[in-house]
Amino acid sequence: MADQSTEFPPSSHAADGRPRARGLGLPMPGTPGPLNAITDVPGIAVGYTTLAEGTESVRTGVTAILPRASDDLLHPVWAGTFSMNGNGEMTGTHWIREAGWFTGPITITNTLSVGLAHHATARWMAERFPAAVGEDVWILPVAAETYDGYLNDIAGFHVTEAHVRTAIDGAQGGALAEGSVGGGTGMIAYEFKGGTGTASRRFSTGAGQYTLGALVQANHGLRPWLNVCGVPVGREMPGAPIWNAERGSIIVVLATDAPLLPNQLERLARRAAIGIGRGGTPSGNNSGDIFIAFTTANDPGPLPEPPRLSFEALGSDELDALFMAAVESVEEAVINAMLAADTMVGRRGRRVEALDHRRLMALFESSAG
């Protein structure tokens, strides 16, 4: 058999030939980057630690997103955040709201390991930059979570500091694995197997062309809510319910190389809510739907901050293209996460079915016809 990774572009298919949303023929709007991933934004790297071997009780992991090269992680990254529904955690957000920036990797894991991820990231930064951290520089890592306790023995605290550091050290650019990988390993979306997904968009403004990428940890929604490209497919896919009310969450990370001010990045982060809403979720009471947007532009150099900062930024009238890129990327990233995930059996023999590609397309084509 020929190497399938050379037969299909990574924007539409995974390396193993499995179709992503575009590969199935779903009419996703917009123009993706060559990888259709957050790593289409120059300089972004992503790493995973996946814990899903051995006992069925362990179905968890860590995702690490590096906004700059490892040697440049003391350079502040301008950012904004938004909590659509706050039944969850993303550390570092108070300082982002106050100062408009963060430093270091972003990590995403399970709910009970978010403190450990914060701690491990802080230690990694202290060891990476020993002359600065603990002297003139302090750090507040961004660590986020969603709950994987249905499939994973979450109270067993199986994620260790070494797992977090492995994800950070292993971060790289290029095409990304999706589905049951990294922090998304034990996650569930719309009562199908969910997890990690990504997508990107290229967009034009009066100031030039830029890229935006999204990475999601999708663990939200009820099956009857699921819409794909506007078609309510979930209610036509009956199955034994997992929840009687939504108990999940979703973390969205948006990255761009467009020059933006922190308040513009907060506005951008809010648009992730529209992207997940297109999939059908109302952002339920028990869902932690928390979003961060950052730009790699306007690098101020390493901390401490210089006495004077200079910015370039898009004008407000140029932001509509960026907002649409965010909405489209988030919508597609959630679908990609579900399409990449396989059926999983986890803690106490609980089984979560993968989204059936053929059934999905049959429903979609029937509705479209």
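The values are calculated or read from the model by the stated rules, or taken from the named source; none is laboratory data. Since we're looking at a predicted model, the values are computed, not measured. For neighbour counting, all protein chains shown are included, and Cβ atoms are generated from backbone atoms with ideal geometry for every residue, glycine included. To get the accessible areas, we keep the full protein, side chains included, count just its heavy atoms, and leave off ligands, DNA and RNA. Shrake-Rupley method; radii C 1.70, N 1.55, O 1.52, S 1.80 Å.
Going residue by residue through the range 188-203, is there one that turns out to be assigned to a helix (DSSP H, G or I), open to solvent by 10 Å² or more (accessible area, probe 1.4 Å) and farther than 23 Å from V345 by Cα?
No, the range 188-203 contains no residue that is assigned to a helix (DSSP H, G or I), open to solvent by 10 Å² or more (accessible area, probe 1.4 Å) and farther than 23 Å from V345 by Cα.
Pairs are defined by a Cβ separation below 8 Å, a sequence spacing of at least 6 or placement on different chains, a first member in the range 299-314 that is open to solvent by less than 50 Å² (accessible area, probe 1.4 Å), and a second member that is at pLDDT below 95 and not in a loop (DSSP other than H, G, I, E, B); the pairs so defined are L303/V137.
Does the range 79-101 contain at least one residue that is more than 23 Å from L268 (Cα to Cα) and either assigned to a loop (DSSP other than H, G, I, E, B) or touching a Ser or Thr at 6+ places or on another chain (Cβ under 7 Å) (or both)?
no
Take A293 and tell me if it is open to solvent by less than 20 Å² (accessible area, probe 1.4 Å) and either at pLDDT 95 or above or touching a His at 6+ places or on another chain (Cβ under 9 Å) (or both). When the stated conditions are applied, A293 passes them. For the range 56-77, the count of residues that are in a loop (DSSP other than H, G, I, E, B), closer than 20 Å to S200 by Cα and open to solvent by less than 10 Å² (accessible area, probe 1.4 Å) is nonzero. Any residue that is out of contact with any strand residue (DSSP E or B) (no Cβ under 6 Å at 6 or more places or on another chain) and in a helix (DSSP H, G or I) - is there at least one of those in the range 301-308? Within the range 301-308, none of the residues are out of contact with any strand residue (DSSP E or B) (no Cβ under 6 Å at 6 or more places or on another chain) and in a helix (DSSP H, G or I).
Inspect all residues belonging to the range 327-347 and state whether any of them is in a loop (DSSP other than H, G, I, E, B) and under 27 Å from W95 (Cα atoms). No: the range 327-347 contains no residue that is in a loop (DSSP other than H, G, I, E, B) and under 27 Å from W95 (Cα atoms). Among the conditions (1) closer than 24 Å to S12 by Cα; (2) of a type in the set (A, V, I, L, M, F, W, C); (3) touching a helix residue (DSSP H, G or I) at 6+ places or on another chain (Cβ under 9 Å), the only one that I188 does not satisfy is (3). Against the numbered list (1) more than 19 Å from T205 (Cβ to Cβ); (2) in contact (Cβ under 8 Å) with a residue 60 or more places away in the chain; (3) among the polar types (S, T, N, Q), N244 comes up short only at (2). Between A126, A120, A131, the distinction of being crowded, with 21+ Cβ neighbours inside 10 Å and of a type in the set (G, A, S) belongs to A120 only.
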